Amino acid sequence: MSNIEPRTQKRTKTLPENQTKILLHIALNGPIDAYRMNKELSFKLSTTQLAFKTLREMGLIKLKDTIKGKTDQNRKIYDLTPYGFCLVTGAMIENNSVVSFDEVSKFLKIHKELFPDLLEKWDFFINNSKDYFSHNPVEWQQPVYMVHIPDISTQIWCDILRHTCNSVKNSYHWSGKEVTVEMICDEYRQTLVNELYEDQYGPYIDGFVYSLKQDKELWDELVPEVQSFIDDFKERIVRLEKIIE
């Protein structure tokens, strides 16, 4: 995952190898303290502590908890921030990822609280899309831009995940505002609306829509957004008809 490139103060910076390994370790194993990380990765303690400090300052990890160790020393436990989650997600899903899709799935389960609106229902959406395509098969090829995945249904929801995280990263780049769980979930809903609007003739759209409709509460939230597109088109048609009269 040498392609992890966080943006700080409107600049893009590629992480050094030791920081990348630490970020990946947290992604795949969950919260950890610097001392245990140092033992598991066989780094010098000073190297690990400096990397933790840098990653924290870059907004990629945060202090999650402080607990007493066996020697009564405080152990500071760190985990990914919402921004760190989005950055790691993008790197893991890309075709040059150093991890397998099974590891991606593990990562998403460990950190689902950072994107609950999608990841709490991850299997639900994928399985519903699978159900649709089992009765309405379409031709599918492994996308060249993505880590190897098992099927079209997984691709649909990985694309939604990827687009959401890319939107979050772009928003952070331009606004500089702290990325929150709420921001990710807001971008997610906008991503769903954009997908319904922009990919309405795509070969996989029916399986996507079918899966969304199984979540009635979410679908009811999206319908007014789609209706606004319809209303806008109606207004444009009226104006165009007046122009050509």
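The values are calculated or read from the model by the stated rules, or taken from the named source; none is laboratory data. Predicted model, so just to flag it, every value in this text is computed and none were measured. Cβ placement follows ideal geometry from the backbone for every residue including glycine, while neighbour counts extend to all protein chains displayed. Each accessible area value is taken on the protein alone, full model and side chains, heavy atoms only, with ligands, DNA and RNA left out. Shrake-Rupley method; radii C 1.70, N 1.55, O 1.52, S 1.80 Å.
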Using a 1.4 angstrom probe and counting only protein chains, how large is the accessible area of ARG162 in Å², to 10? 50
May I ask you to give the percent of accessible area on the chain that is carbon plus sulfur, with a probe radius of 1.4 Å? 50
List the residues, sorted by chain then number, that are 5 or more residues from LYS64 or on another chain and whose placed amide H is less than 5 Å from its amide H. ILE77, TYR78, ASP79
Overall Cα dimensions of the chain, principal axis frame, Å, largest first: 80, 41, 32
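Past the 26 Å Cα-Cα mark, which pairs from LYS112/LYS216; LYS44/LYS109; LYS130/LYS177; LYS21/LYS62; LYS68/LYS106?
Numbers: LYS112/LYS216 21 Å; LYS44/LYS109 30 Å; LYS130/LYS177 37 Å; LYS21/LYS62 16 Å; LYS68/LYS106 28 Å.
Long pairs (Cα-Cα over 26 Å): LYS44/LYS109; LYS130/LYS177; LYS68/LYS106.
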Convex hull per residue volume in Å³, alpha carbons only, for the stretch 169-233: 114
Relative to a virtual label point 7 Å from the Cα of PHE229 in the Cα→beta-carbon direction, which members of the stretch 197-217 show backbone nitrogen distances below 16 Å? 197-213
Can you give me the C-alpha center-to-center distance between the stretch 130-181 and the stretch 29-83, rounded to a whole angstrom? 30
By residue number, which cysteines of the chain lack any other Cys whose Cβ falls under 4.7 Å from their Cβ? CYS158, CYS185
Taking a threshold of 26 Å on the Cα-Cα distance, which of the pairs LYS121/LYS234; LYS121/LYS169; LYS76/LYS121 fall above it? LYS121/LYS234; LYS76/LYS121
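Could you do me a favour and compute the accessible area per residue for the stretch 17-80, 1.4 Å probe, result in Å²? Before the final figure, lay out each step's value.
Values: 3700 Å² over 64 residues.
With the other protein chains kept in place, the stretch 17-80 gives 58 Å² per residue.
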Once all Cα-Cα distances of the stretch 132-173 are split into 5 Å bins that start at 0, what whole-number percent is in each one? 6, 19, 25, 18, 14, 9, 5, 3, 0
For a quick check of understanding: with a 1.4 angstrom probe and all protein chains in place, what accessible area in square angstrom does THR191 have, to the nearest ten? 10
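Which FRET efficiency value, to the nearest 0.05, do you get for ASP206 and ASN74 by plugging their Cβ-Cβ distance into 1/(1 + (r/R0)^6) with R0 = 45 Å?
On the way: r = 54 Å, r/R0 = 1.21.
Taking R0 as 45 Å, the efficiency between ASP206 and ASN74 is 0.25.
From largest accessible area down, sort HIS163, HIS173, HIS111; use a 1.4 Å probe on the protein chains.
Working: HIS163 60, HIS173 25, HIS111 0 Å².
Reading off the accessible areas and sorting them downward yields HIS163, HIS173, HIS111.
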Residue-normalised accessible area of the stretch 98-214, expressed per residue, 1.4 Å probe, Å²: 52
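Determine the calculated [θ] at 222 nm for the chain from helices alone, applying -39500 (n - 2.57) to every DSSP H run no shorter than 4 residues and normalising by the residue count; nearest 500 deg cm²/dmol. It would help to have the intermediate numbers written out before the result.
On the way: 11 runs with 154 residues, N = 245.
Taken over the chain, the calculation gives -20500 deg cm²/dmol.
Scan the chain and note any complete DSSP helix (H) whose C-alpha atoms cover at least 15 Å along its axis and whose Kyte-Doolittle average is -0.5 or more. Don't skip to the answer; put the middle values down first.
Details: long enough: 17-29 (18 Å, 0.03); 45-57 (18 Å, -0.18); 82-93 (17 Å, 1.43); 122-135 (21 Å, -0.86); 152-175 (34 Å, -0.42); 181-198 (25 Å, -0.41); 216-244 (42 Å, -0.27).
Those that pass (Cα extent of 15 Å or more, hydropathy at least -0.5) are 17-29, 45-57, 82-93, 152-175, 181-198, 216-244.
For the stretch 132-200, which chymotrypsin sites (Phe, Trp or Tyr not before Pro) are in a loop by DSSP, counting at most 13 other Cβ atoms within 10 Å?
Working: sites: TYR132, PHE133, TRP140, TYR145, TRP157, TYR172, TRP174, TYR188, TYR197; in loops: TRP140, TYR145.
Loop-located and lightly packed - TRP140, TYR145.
What is the sum of charges, Lys and Arg at +1 and Asp and Glu at -1, for the other residues whose Cβ falls under 15 Å from the Cβ of ASP102?
Details: positive: LYS106, LYS109; negative: GLU103, ASP123, ASP151.
Residues close to ASP102 contribute a combined charge of -1.
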